[in-house]
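A short worksheet on the structure shown next.
The values are calculated or read from the model by the stated rules, or taken from the named source; none is laboratory data. Predicted, not measured: the structure shown is a model, and the values here were computed from it. Positions of Cβ are generated from backbone atoms using ideal geometry, with glycine treated the same way; all protein chains shown enter the neighbour counts. The area values use the complete protein model at the heavy-atom level, side chains included, leaving out ligands, DNA and RNA. Shrake-Rupley method; radii C 1.70, N 1.55, O 1.52, S 1.80 Å.
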Amino acid sequence: AQSVAQPEDQVKVAEGNPLTVKCTYSVSGNPYLFWYVQYPNRGLQFLLKYITGDNLVKGSYGFEAEFNKSQTSFHLKKPSALVSDSALYFCAVRAVPGRRALTFGSGTRLQVQP
Amino acid sequence: EAGVVQSPRYKIIEKKQPVAFWCNPISGHNTLYWYLQNLGQGPELLIRYENEEAVDDSQLPKDRFSAERLKGVDSTLKIQPAELGDSAVYLCASSPSGSYNEQFFGPGTRLTVL
């Protein structure tokens, strides 16, 4: 079985400050890890993924994430938050080998305050 | 490039009525997914298609839910009869062949069962 935990329902940061959205996972086998963002009344948009290789992954809109195998974590980060980054963020995992479908966390609502 | 198209965007029905959702994936994407997203939760897989074959439907409640993907392109998800607990957002996603490709999501259909 595979699972994802996003321990914070909500994260608040001031505009211009760095942000971190936390994610830990559990899989049997090697993980493929993903971050998606969801804006109101819109589908999930892909931000970035970790498949293999460099533990620091860079994605869309200035976001990056660091894969830490020993801590089974894949935290999302951005050096300087924008008000427009306010949205719902989902971490997802699939095991390799294993089901192709993603297992999602429950989401973290990011609020960037002006 | 057009994204994943879903219709309708919103549907309100009374319990015990049937309902159907339609999805048109991104052109060339062989893999199609249907997910269910309850309020405040991450998406959960209902069914995955590889071309026209359903290869992962273990989470689909087959007593009332059915799906088809004729000709390996568009897909329809049906509920008959709908129950109050079926109120949720139904998301369709597609991806190219290949186990590490990210999924592209449609905007979803918000179903309300009264």
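Annotations for the structure displayed:
- At a threshold of 20 Å², the residues of the stretch B:67-114 that become less accessible to a 1.4 Å probe in the full protein assembly than in their chain on its own are B:SER99, B:TYR100, B:GLU102, B:GLN103, B:PHE105, B:PRO107.
- By DSSP, the beta bridges lying fully in chain B are antiparallel in about 90 percent of cases.
- Alpha-carbon Debye profile of chain A, log10 I(q)/I(0) at 0.21 Å⁻¹: -1.13
- Percent carbon-and-sulfur accessible area, chain A, ignoring ligands, DNA and RNA, probe 1.4 Å: 49 percent
- From phi via Karplus (6.51, -1.76, 1.60), per-residue ³J(HN,Hα) for the stretch B:74-83 in Hz, x at Gly/Pro: 5, 9, 10, 10, 10, 10, 7, x, 6, 10
- Spin-label model, B:ALA20/A:ASN17: points 7 Å from Cα along the beta carbon direction are separated by 5.2 nm.
- Taking all protein chains into account, the per residue accessible area for chain A stands at 47 Å² (1.4 Å probe).
- Whole-number D in µm² s⁻¹ for chain B, Kirkwood Cα-pair radius fed into Stokes-Einstein, 25 °C, 0.890 mPa s: 175 µm²/s
- Rounded to the nearest Hz, the phi-derived 3J(HN,Hα) couplings of the stretch B:10-18 under the Karplus curve 6.51 cos²θ - 1.76 cosθ + 1.60 (θ = phi - 60°) are 9, 8, 10, 9, 8, 4, 6, 7, x, where x marks glycine and proline.
- Computed over protein heavy atoms with a 1.4 Å probe, the carbon and sulfur contribution to the accessible area of the stretch B:5-98 reaches 49%.
- Measuring heavy-atom accessible area with a 1.4 angstrom probe and counting protein chains only, the residues of the stretch A:88-114 that give up at least 50 Å² relative to the chain alone are A:ARG99, A:ARG100, A:PHE104.
- FRET E, pair A:ASN68, B:GLU44, Förster distance 25 Å, beta-carbon r, rounded to 0.05: 0.45
- The calculated FRET efficiency for A:LYS58 paired with B:VAL73, based on their beta-carbon distance and R0 = 45 Å, is about 0.85.
- For the stretch A:21-34, backbone phi angles converted through the Karplus equation (6.51, -1.76, 1.60; θ = phi - 60°) give residue-by-residue couplings of 10, 8, 8, 10, 9, 9, 9, 9, x, 7, x, 9, 10, 9 Hz, Gly and Pro being listed as x.
- With contacts taken as Cα pairs under 8 Å at a separation of at least 6 residues, chain B carries a relative contact order of 37 percent.
- Restricting the calculation to Cα atoms, the protein assembly as shown yields a radius of gyration followed by a Dmax of 17.7, 52 Å.
- Computed with a 1.4 Å probe on the full set of protein chains, the accessible area for B:ARG9 sits at about 80 Å².
- Rg(Cα)/(2.2 N^0.38 Å) for the stretch A:4-70, N = residue count: 1.20
- The stretch B:5-98 - accessible surface per residue (Å², probe 1.4 Å): 50 Å²
- Accessible area buried between chains A and B, both sides summed, probe 1.4 Å, in Å² to nearest 100: 1800 Å²
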